[in-house]
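This report refers to the structure that appears directly beneath it.
Each reported figure results from applying straightforward, stated rules to the coordinates on display, with no laboratory input. Everything quoted here is computed from the prediction, not taken from an experiment. Here the Cβ is made from the backbone with ideal geometry for all residues, glycine too, and neighbour counts use every protein chain on show.
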Amino acid sequence: MKKTPLNEVHRSLGAKMVDFGGWDMPVQYEGIVSEHLAVRSDCGLFDVSHMGEVIVEGDKAFAFVQNLVTNDVSKLVDNQCLYSPMLYEHAGVVDDLLVYKFNEKRFMIVVNASNVDKDFAWMKAHSLGAVLENKSDATAELALQGPKAQSVLQKLTSADLSEIKFFHFREITVAGVSCIVSRTGYTGEDGFEIYFSSSEAVKMWNALVDAGSEFGLKPIGLGARDTLRLEAGLMLYGNDIDERITPFEAPLKWAVKLEKGDFIGKKALEEKEASRKRKLVGFELLERGVPRHGSEVFVGGVKFDVVSSGTFSPTLKKPIGFCFAPSDLPLGAEVEIKIHDKLVKAKTCSHRFYKIERK
């Protein structure tokens, strides 16, 4: 298995390690629920160095990125980033990613760990003359998330972090290390994602842990990362979206800008939308049980699809999840989820279970 530069640190902390898409990663330290609640109330530190980073440069950089993704890169100003699906020609999702714009001739694309090789090959095949470099192995990434994240990080930099708006970034020095710091994350909380040389990973981790000691900072594993993102209504590639699912079946229409002009998969997406029969919705159980990925979903007593993500919400203290339902099914309608050979009643709802007010 692949290892991040912090593998030994995680093991020294007693983390439970698991195989995550070929990476040896911490699933939990002291426990998923306590780690989850620490992020909601204070601050959590995540090792996400397994994520992939691709640098795009040259005169064709903008044209390449604009054609590659469904969202509209022309709306970005320098030092701003956006979320977007990246589609195959048949409109299925290759991956969901973040695009960072430095200027018209330089971008960074951040992709999911298990998709790095596949994504980079897809990008190279559609480069349009842009210069692409896979910097994943040389780049470490830490996510600092929670209401006290800014207070922690501010101790380690002279840059005014309050000037970094949501989905913007700056190149600054943190703990003596040159970094890209963005106000983004995968938890629904305020926080930052920090990119820097992998050779500095242990130094950066220790500096953040020390700075966060007075703010209740805890190391957070993949288990709490998953429950946090589910509460926030964020998609997980391989569960909620993949090559068989269009962004209109998933709740990602907001990240598709048909009016921007052509992009890979646009024609097929428009054609498939006319006959779309399902949509991803949120649900909460009305009876006891914990829904899981793959649990069968019944509508009107007939099996329709499956649960794409499910858990017991530590914040809301009830079982929640995402599932595919008929396109015309109204929110609030009852469905049934099969759990341990028993049909359990559930009510459909918005996929956004938890949301904070951003300044």
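Charges at C-beta only: +1 for Lys and Arg, -1 for Asp and Glu. How large is the resulting dipole of the range 277-359 about its Cα centre, in Debye rounded to 20?
Numbers: 16 positive and 9 negative charges, 74 e Å.
Approximately 360 debye in magnitude.
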**Request:** Would you calculate a helix-derived [θ] at 222 nm for the chain, using -39,500 (n - 2.57) for each DSSP H run of n ≥ 4 and dividing by the full residue count, to the nearest 500?
**Result:** -5500 deg cm²/dmol
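From the square roots a ≥ b ≥ c of the eigenvalues of the alpha-carbon gyration tensor of the chain, which class results: rounded (a/c under 1.5), prolate (a/b over b/c), or oblate?
Numbers: a/c = 1.83, a/b = 1.15, b/c = 1.59.
Note, shape of the chain comes out oblate.
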**Prompt:** To the nearest 20 debye, what charge dipole does the range 16-133 have about its Cα centre, counting +1 at the Cβ of each Lys and Arg and -1 at the Cβ of each Asp and Glu?
**Reply:** 320 debye
**FRET efficiency estimate (nearest 0.05) - Cβ-Cβ, Glu259 to Val18, R0 41 angstrom** = 0.45
**Complete:** The ratio Rg/Rh over the Cα atoms of the range 176-225, Rh being the Kirkwood inverse mean 1/r radius, stands at 0.95
**Asked** Could you give the distance between the Cα centres of the range 205-246 and the range 299-359, to the whole Å?
**Response** 21 Å
**Asked** What shape does the range 211-302 take by its C-alpha gyration tensor, where a ≥ b ≥ c are the square roots of the eigenvalues and a/c under 1.5 counts as rounded, a/b above b/c as prolate, and the rest as oblate?
**Response** oblate
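I want the local charge near Asn239. Using Cβ-Cβ distances under 14 Å, sum +1 for each Lys or Arg and -1 for each Asp or Glu among the other residues.
Numbers: positive: Arg225, Arg229, Arg244, Arg292; negative: Asp95, Asp96, Asp226, Asp240, Asp242, Glu243, Glu249, Asp305.
Every neighbour counted, the sum reads -4.
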**Asked** Can you list the aspartates and glutamates whose alpha carbon sits under 17 Å from that of Lys317, skipping same-chain ones fewer than 8 residues off?
**Response** Glu35, Asp226, Glu231, Glu284, Glu287
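For the chain, with only Lys/Arg (+1) and Asp/Glu (-1) charged at the beta-carbon, what is the dipole magnitude about the Cα centre, in debye rounded to 20? Kindly include the intermediate steps, with their values, before the conclusion.
Values: 46 positive and 50 negative charges, 151 e Å.
The calculated dipole for the chain is roughly 720 debye.
I want to verify the translational diffusion coefficient of the range 53-134 in µm²/s; compute it with Stokes-Einstein, Rh as the Kirkwood radius over Cα pairs, at 20 °C and 1.002 mPa s.
Values: Rh = 12.4 Å.
Rounded, D is 173 µm²/s.
Once Rh is set to the Kirkwood radius over Cα pairs, what Stokes-Einstein translational diffusion coefficient, in µm²/s, holds for the range 123-213 at a temperature of 20 °C and a viscosity of 1.002 mPa s? Present the calculation step by step, with values, prior to reporting the outcome.
Details: Rh = 14.1 Å.
After rounding, the answer is 152 µm²/s.
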**Complete:** Honestly the range 277-359 on the Cα gyration tensor test (a ≥ b ≥ c root eigenvalues; a/c under 1.5 rounded, otherwise a/b vs b/c for prolate or oblate) is just oblate
**Item:** Candidate lysines for bridging to Lys266, where Cα separation is under 29 Å - those fewer than 8 sequence places away on the same chain excluded
**Value:** Lys60, Lys75, Lys101, Lys105, Lys118, Lys124, Lys135, Lys253, Lys257, Lys277, Lys279
